[in-house]
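The values are calculated or read from the model by the stated rules, or taken from the named source; none is laboratory data. Note that this is a predicted model, so its numbers are computed, not measured. Neighbour counts are summed over all protein chains in view; Cβ atoms, including those assigned to glycine, are modelled from backbone coordinates with ideal geometry. Surface accessibility is based on the protein's heavy atoms, side chains included, excluding ligands, DNA and RNA. Shrake-Rupley method; radii C 1.70, N 1.55, O 1.52, S 1.80 Å.
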Amino acid sequence: GMDDCYIRGKYRVGGMCGRLWNGGIIKNCYITNSIVDGGDEVGGLIGESEKGSMIVNCYVNLSVLGDRWTVLLLGNNVGGIVGYNNGTTTAGSINTMVMNCMFYGDITNGSTVSPVYGGKNIDNLNNGKTDGTSGLNNFNYYAYDKLKTKAISSYNCALAVEDKYLNRIEFYRLLLNSTKKLA
């Protein structure tokens, strides 16, 4: 984990890494009391995640600042965990995921803002199929009472929860039970 950091860049800026490539895995990580500051594809943990990347069991409690260098860059994707997800997945092929992650901070600026991750939606639920290709629930949360921005562009599997509930063991039992198949 990381605490009390200031991470700054222009493109693909994240607290842990700027770009998580195909097959990259970030799990059981956290960043607290920090600031991530960038122009395009800015995330509290990862700036951009590619197809095949997995971000599991992570939490971020910081401020994400976007849109700082818009004169130099085109576009702007800002997310609490991942700024821009560039990979999709299905129930039959679970190879990209942002799962069991929590965002406790605030996002300032950005033309495309997501509380957990922006970009392509990860849709791995089974949609009623009974052929053994059922997916995993993403279980991603954000503390809506701490997120002050009103400019949310997409929620992409993000569930709003009051901050006081994100600190209770009853809440985490649901998360642990959701990952039995993954384990």
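Here's the yes/no breakdown for (1) in contact with a helix residue (DSSP H, G or I) (Cβ under 8 Å, 6 or more places away or on another chain); (2) surrounded by fewer than 17 Cβ atoms within 10 Å (Cβ to Cβ); (3) modelled with pLDDT of 60 or more:
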site: 113; (1), (2), (3): no, no, yes
site: 117; (1), (2), (3): no, no, yes
site: 125; (1), (2), (3): no, yes, yes
site: 133; (1), (2), (3): no, yes, no
site: 138; (1), (2), (3): no, no, yes
site: 149; (1), (2), (3): no, yes, yes
site: 167; (1), (2), (3): no, yes, yes
site: 172; (1), (2), (3): no, yes, yes
site: 178; (1), (2), (3): no, yes, yes
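The set of residues in the stretch 24-46 being surrounded by fewer than 16 Cβ atoms within 10 Å (Cβ to Cβ) and not hydrophobic (A, V, I, L, M, F, W, C) consists of 24, 27, 28, 33.
Restricting attention to the stretch 47-57, and to residues there that are within 19 Å of residue 119 (Cα to Cα) and in a loop (DSSP other than H, G, I, E, B), which single residue is most open to solvent (accessible area, probe 1.4 Å)? Outline the logic, then answer.
Step one: filter the stretch 47-57 for residues within 19 Å of residue 119 (Cα to Cα), giving 47-56.
In the following step, the residues that additionally are in a loop (DSSP other than H, G, I, E, B) were identified as 50-53.
On the way: 50: 28, 51: 111, 52: 13, 53: 1 Å².
Result: 51.
It is to be established whether one or more residues within the stretch 61-75 are in a strand (DSSP E or B), open to solvent by less than 10 Å² (accessible area, probe 1.4 Å) and modelled with pLDDT of 85 or more. Checking the stretch 61-75: not a single residue is in a strand (DSSP E or B), open to solvent by less than 10 Å² (accessible area, probe 1.4 Å) and modelled with pLDDT of 85 or more. Filter the stretch 1-23 down to the residues that are open to solvent by 40 Å² or more (accessible area, probe 1.4 Å), closer than 13 Å to residue 53 by Cα and not polar (S, T, N, Q) and list them by number. 19, 21, 23, listed by residue number.
Just wondering, is there one or more residues in the stretch 82-92 that are surrounded by fewer than 24 Cβ atoms within 10 Å (Cβ to Cβ), part of a strand (DSSP E or B) and at pLDDT below 90? Within the stretch 82-92, one or more residues are surrounded by fewer than 24 Cβ atoms within 10 Å (Cβ to Cβ), part of a strand (DSSP E or B) and at pLDDT below 90.
I'd like to verify a number: residues in the stretch 6-32 that are part of a loop (DSSP other than H, G, I, E, B), charged (D, E, K, R) and at pLDDT 90 or above, how many? Walk me through it before giving the result.
From the stretch 6-32, those part of a loop (DSSP other than H, G, I, E, B) are 9-10, 15-16, 21-24, 28-29; that's our starting set.
Then keep just the ones that are charged (D, E, K, R); that gives 10.
Still in the list and also at pLDDT 90 or above: none.
So the answer is 0.
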